[in-house]
Amino acid sequence: MTLQEKLLETIQYIHEQGVKEVEFGLILGSGLGELAEEIEDKVVIPYANIPHFPVSTVVGHAGQLVYGTLAGKKVLAMQGRFHYYEGHNMQVVTYPVRVMAGLKAHSLVVTNACGGVNEGFTPGDLMLITDHINFMGANPLIGKNEDEMGPRFPDMSKAYDESYRNVAKEVAASKGLHLKEGVYMGFSGPTYETPAEVRFARIAGADAVGMSTVPEVIVAVHSGLRVLGISCITNLAAGMQANLNHEEVVETTERVKVAFKSLVKETLAKL
Ligand code: HPA
């Protein structure tokens, strides 16, 4: 079965569940999935029921699509994403973004938990993603290009929409929230980085490191979606604090989720 044939079946199934117009796709990262609970007139679709959808293996990820209205916008949210480190190939990791594009979403709001590399960052900071470095060792567009889906050589010069970023900054300022900005560098994981890798990331121009987002944004750009990316700095990256663990990542997202949710919602309202 070709990718297009699979997509048609997936999209038909999602339509049959009551999903109509979609404006914004939302990918909610580790600990950030609660935002989906604020979606009104919900349609909830477990990934396990969706034809051709992979199944999430990460604890703390609900593994469902939530459709409805958020901040007056029609959204389709992923409560839990697929990661390269789970063993999925990049086409699988990004399949939901293809589905969002197929459902005619015009934009993607992508969120994640990540480690702070910039010495000015503190755990609990929210960071607007200005750009990324693909250091995952793979690219979801490798293989034959389907020209009707997007260009062979997508331009990544403006992957993270500047006017969306400006809106997020205005919203943050109006709330007295110190929104950081920076470059997200994607590693494959599942190991956290070594201190040497973190020093390398800083020299390379990264402000934060994580294990997601990059493939999804590449496919979003390929599909012509406008992208807004917001990271939660859950910890300082390796070598900048005593040790790293997933519990701290979860604790930090828990601590900042109110600010995170209101930033995303209020920004969405103005997009
Ligand atoms: N590195 C990579 N991914 C992460 C981190 C980190 O320090 N924190 C949360 N996700």
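Could you check how many residues of region 148-193 are touching a Leu at 6+ places or on another chain (Cβ under 9 Å), among the hydrophobic types (A, V, I, L, M, F, W, C) and open to solvent by less than 70 Å² (accessible area, probe 1.4 Å)? Going through region 148-193 one residue at a time, the tally reaches 7. Of the listed requirements (1) open to solvent by 30 Å² or more (accessible area, probe 1.4 Å); (2) farther than 30 Å from Thr69 by Cβ; (3) within 16 Å of the ligand (Cβ to nearest atom), Gly205 misses just one: (3).
Of all residue pairs spaced 6 or more apart or on separate chains, those with beta-carbon atoms under 8 Å, a first member in region 243-271 that is touching a residue at least 60 places away in the same chain (Cβ under 8 Å) and among the acidic types (Asp, Glu) and a second member that is buried (at least 17 other Cβ atoms within 10 Å of the Cβ) and not in a loop (DSSP other than H, G, I, E, B) are Glu248/Thr234; Glu248/Asn235; Glu266/Val171.
Could you list all residues from region 169-215 that are of a type in the set (Val, Ile, Thr), in a helix (DSSP H, G or I) and touching a residue at least 12 places away in the same chain (Cβ under 8 Å)?
If the condition is that a residue be of a type in the set (Val, Ile, Thr), in a helix (DSSP H, G or I) and touching a residue at least 12 places away in the same chain (Cβ under 8 Å), then Val171, Val198, Val214 are the ones that fit.
Tell me which helices (runs of 4 or more DSSP H) are completely within region 1-109 and hold 1 or more residues being crowded, with 16+ Cβ neighbours inside 10 Å and without any contact (Cβ under 8 Å) to a residue 40 or more places away in the chain, or say none if there are none.
Numbers: elements: 3-16, 90-93, 95-102.
Per the criteria, 3-16, 90-93.
The single condition from (1) in contact with a strand residue (DSSP E or B) (Cβ under 7 Å, 6 or more places away or on another chain); (2) open to solvent by 30 Å² or more (accessible area, probe 1.4 Å); (3) within 27 Å of Val198 (Cβ to Cβ) that Gly115 fails is (2).
Each residue in region 30-55 was checked for being within 16 Å of the ligand (Cβ to nearest atom) and either touching a His at 6+ places or on another chain (Cβ under 9 Å) or of a type in the set (A, V, I, L, M, F, W, C) (or both), and 3 of them qualify.
Of the residues examined, Lys261 is one that is more than 14 Å from the ligand (Cβ to nearest atom), open to solvent by 10 Å² or more (accessible area, probe 1.4 Å), in contact with a helix residue (DSSP H, G or I) (Cβ under 6 Å, 6 or more places away or on another chain) and not hydroxyl-bearing (Ser, Thr, Tyr).
From the list Asn139, Asn235, pick out the single residue that is more than 15 Å from the chain's Cα centre (by Cα) and part of a strand (DSSP E or B). The unique qualifying residue is Asn235.
The values are calculated or read from the model by the stated rules, or taken from the named source; none is laboratory data. Remember, predicted model here, so these are calculated numbers, not experimental data. No Cβ is skipped: glycine too gets one built from the backbone with ideal geometry, and neighbour counts run over all protein chains shown. Note: accessible area is taken over every heavy atom of the protein model, side chains too, but ligands, DNA and RNA are not part of it. Shrake-Rupley method; radii C 1.70, N 1.55, O 1.52, S 1.80 Å.
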